[in-house]
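The values are calculated or read from the model by the stated rules, or taken from the named source; none is laboratory data. None of the values given here were measured: they were computed from a predicted structure. Cβ coordinates were reconstructed from backbone atoms using ideal geometry, including for glycine residues, and neighbour counts include every protein chain displayed. Surface areas here come from the heavy atoms of the whole protein model, side chains and all, with no ligands, DNA or RNA. Shrake-Rupley method; radii C 1.70, N 1.55, O 1.52, S 1.80 Å.
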Amino acid sequence: MTALILKNLRPMGGDLTGLNIVDGRFSATAPDGAEVIDCGGRILIPGMIEAHTHLDKSLLGMDWYRNEVGPRLIDKIDNEREVKVALGLDPQVQSERHAILAMSHGCTHIRSHVDVDTHHGLAGVEGVMATREKLAGMIDIEIVAFPQSGMMTRPGTVEMMDEALKLGAELVGGIDPCGMEHDPKGHLDAVFGLAEKHGKPVDIHLHERDALGWFSMEEIIDRTIALGMQGKVAISHAFCLGAVDRGYVAGLQEKLAENQIHILTTAPASAPVPAVKELKAYGILTGAGCDGIRDTWGPYGNSDMLEKAMHIGMRNNLRRDDEVELALDICTFGGAAVMGLDGYGLDIGCVADCVLVEGATLAEAVVTHAPRKLALKAGKVIARDGACVIEAP
Ligand SMILES: [Zn+2]
C-alpha cells in the first residue's frame, strides 16, 4: 500500500483542509506513517485535461522553424506533410517532449489527434503509442486517428485509417468534409463507417465557418442519429457555432444537445469560437485543448491548460469570477466528461490526479497561471515547481 497525506490545501478554492491518498485514490483515512506534503494553503484542482492537441507534430526542442507558409488551411497541411520529412521529425521524441511540457503544467490526460496519411503511413500513431507506453502511469494519452490530408482526395487513406484503428487508436478523426474534401458524403460515410466497424467514437475537426459548417454539422448529426451514436461523437473547433446568426446556431445547438454531441473548443484568437456559456445552458458537454503547439502551422502555444482557460475567457468575454470558473471547468471536468473518464475529481474514491495552483481564488489562478507547485498522477508526483520530474529527451 502507498499512502500520502496532502495537508493545508483548499479544494477548488474552498476552506482549508487536508486530503489523504491511498493506493492512488483519495481516501477518507490514511495509515500511520504516511508521507505528508504541506501544500502551503494553495488551491487544489483535479488534473488538467488537454482534450484537443497534436502530439505528433510539435517542433519543441528542435531548431527554430522559419514559417513562410501560405494563408489557407490546405497550404499548412501540404507544407507540413513535406516538411516533416525534411526536418527529420521523430513523432516519438516530439510527442514525448510535448507530453512532458503538458505534465509540467499539471496535465494528467491528453487526447491527441495523430496524422494518418499515405505519405507517412502509421509512423505518427506508432510514435505516439511508444510515448504513451514510456509515460504510462504519469499521464494518460488517448489517440485519434486523424486523416488530416484527406481521405477522398488521397486514395489509400481510408485503409490506413483502418490499420491505425486496429493498431490501437481509440477514436476516428475527420476534417472539414466540404472545405477540405469537397465530398461531405464520401468523407463522413468513411468516418462513420470506420467508427461502426471498429465500435469506436468519433472526434471531427470542423473549421468550416457559417453556412458551410452548419451543413457539415447537420450531416454529422444525421449520421449520429442513424447509427445511434449519441454520446460518442465530438466536434472539435466548431467555428460555425461562433457565427453571427445566433438564431440558426440556436437550432443547431438544440440538436447537438438532443443527440449528446460534445464540443471541444480551442478558443483561438484567429477564428470565431463556440459560445461556451450557451453550450453550458444547452447542456452540451464541452472540453478544450491547446491544439497544435510550436509546429509548422504556427509558432505559439505552451501546452498549459490553465493558460487555455484564460484564452477561453478572453474569447468569450468572461469577466465575472463565476464565468472565469466556467472556463476552468471546461479545461478540467468538461474535458474529463467528454473523454468519459471514470473517477475524475477530488471526491473520496476518485483517482488522485490533481494539481496545486497559485492564487487566492480559482479566477486568479487562471489569470496568473503561475508555475504549478505540485502535480500528481494517481498520487504520484509528476511535476514540482513548474517542472516535470522527468527530463525531456
Ligand atoms: Zn486540431
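Which residue, of Leu227, Leu206, is within 29 Å of Leu341 (Cα to Cα), in contact with a helix residue (DSSP H, G or I) (Cβ under 9 Å, 6 or more places away or on another chain) and either surrounded by fewer than 18 Cβ atoms within 10 Å (Cβ to Cβ) or of a type in the set (S, T, N, Q) (or both)?
Checking each option against the conditions leaves just Leu227.
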Practice task
Scan segment 354-364 for residues that are assigned to a loop (DSSP other than H, G, I, E, B) and either hydroxyl-bearing (Ser, Thr, Tyr) or crowded, with 24+ Cβ neighbours inside 10 Å (or both) and report the count.
Solution key: 1
Completion exercise
Sole miss for Pro147 among (1) farther than 10 Å from Leu55 by Cα; (2) surrounded by fewer than 24 Cβ atoms within 10 Å (Cβ to Cβ); (3) not β-branched (Val, Ile, Thr) is condition (2)
Practice task
Identify, by number, the condition in (1) in contact (Cβ under 8 Å) with a residue 24 or more places away in the chain; (2) part of a helix (DSSP H, G or I); (3) surrounded by fewer than 22 Cβ atoms within 10 Å (Cβ to Cβ) that Lys84 doesn't meet.
Solution key: (3)
Practice task
Determine whether Asp291 is over 16 Å from Thr266 (Cβ atoms), charged (D, E, K, R) and touching a strand residue (DSSP E or B) at 6+ places or on another chain (Cβ under 7 Å).
Solution key: no
Completion exercise
Exception for Arg246 within (1) open to solvent by less than 60 Å² (accessible area, probe 1.4 Å); (2) of a type outside the set (S, T, N, Q); (3) away from the ligand (no atom under 16 Å from the Cβ); (4) farther than 24 Å from His109 by Cα falls at (1)
Exercise for the section: Search segment 203-232 for residues that are on the phi > 0 side of the Ramachandran plot and pair each with any residue that is surrounded by 15 or more Cβ atoms within 10 Å (Cβ to Cβ) and assigned to a loop (DSSP other than H, G, I, E, B) when their beta-carbon atoms are under 8 Å apart and the residues are at least 6 apart or on different chains. Expected result: Asp210/Ala243; Gly231/Gln260
Exercise for the section: Give the residues of segment 51-77 that are under 20 Å from the mean Cα position of the chain (by Cα) and either away from the ligand (no atom under 15 Å from the Cβ) or farther than 24 Å from Ala267 by Cβ (or both), sorted by residue number. Expected result: Leu59, Leu60
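Table: residues versus (1) away from the ligand (no atom under 16 Å from the Cβ); (2) closer than 23 Å to Val355 by Cα; (3) in contact (Cβ under 8 Å) with a residue 40 or more places away in the chain.
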site	(1), (2), (3)
Ile293	no, yes, yes
Thr296	no, no, yes
Asn317	yes, no, no
Gly335	no, yes, yes
Fill in the blank from the handout: Screening Val367, Val351, Val338 for residues that are open to solvent by 10 Å² or more (accessible area, probe 1.4 Å), touching a His at 6+ places or on another chain (Cβ under 7 Å) and not basic (Lys, Arg) leaves only Val338
Exercise for the section: Filter segment 159-198 for residues that are of a type in the set (Gly, Ala, Ser), closer than 20 Å to Leu212 by Cα and not in a loop (DSSP other than H, G, I, E, B) and give the result. Expected result: Gly173, Gly174, Gly186, Ala190
Completion exercise
In segment 272-283, residues that are open to solvent by less than 10 Å² (accessible area, probe 1.4 Å) and either within 12 Å of the ligand (Cβ to nearest atom) or within 16 Å of Ile204 (Cα to Cα) (or both) total 1
Practice task
Please determine, by comparing only the residues of segment 119-147 that are in a loop (DSSP other than H, G, I, E, B) and modelled with pLDDT under 95, which one is nearest to the ligand (Cβ to nearest atom).
Solution key: His120
Handout entry: Conditions (1) among the aliphatic types (A, V, I, L, M); (2) open to solvent by 10 Å² or more (accessible area, probe 1.4 Å); (3) without any contact (Cβ under 8 Å) to a residue 40 or more places away in the chain: number failed by Ala269
Key = (3)
Practice task
Go through segment 300-329 and give me each residue that's aliphatic (A, V, I, L, M) and in contact with an Asp or Glu (Cβ under 8 Å, 6 or more places away or on another chain).
Solution key: Met305
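Taking segment 293-307 only, how many residues are open to solvent by 50 Å² or more (accessible area, probe 1.4 Å) and either at pLDDT 95 or above or farther than 15 Å from Asp115 by Cα (or both)? Steps first, answer last, please.
Kept after step one, since they are open to solvent by 50 Å² or more (accessible area, probe 1.4 Å), are these residues of segment 293-307: 294, 297, 299-300, 302.
From the residues that got through so far, the ones that are either at pLDDT 95 or above or farther than 15 Å from Asp115 by Cα (or both) too are 294, 299-300, 302.
Adding up the residues that qualify gives 4.
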Exercise for the section: Inspect all residues belonging to segment 93-116 and state whether any of them is outside any helix (DSSP H, G or I), of a type in the set (D, E, K, R) and either within 20 Å of Glu181 (Cβ to Cβ) or within 16 Å of the ligand (Cβ to nearest atom) (or both). Expected result: yes
Problem - Qualifying position, being in contact with a strand residue (DSSP E or B) (Cβ under 8 Å, 6 or more places away or on another chain) and within 16 Å of the ligand (Cβ to nearest atom), among Ile235, Ile261 - result: Ile235
Handout entry: Selected residue (criterion: least open to solvent (accessible area, probe 1.4 Å)) from residues of segment 51-73 that are closer than 12 Å to Trp297 by Cβ and among the hydrophobic types (A, V, I, L, M, F, W, C)
Key = Leu59
Exercise for the section: Kindly establish whether Asp23 is exposed (fewer than 14 other Cβ atoms within 10 Å of the Cβ) and free of Cβ contacts under 8 Å to residues at least 24 places away in the same chain. Expected result: no
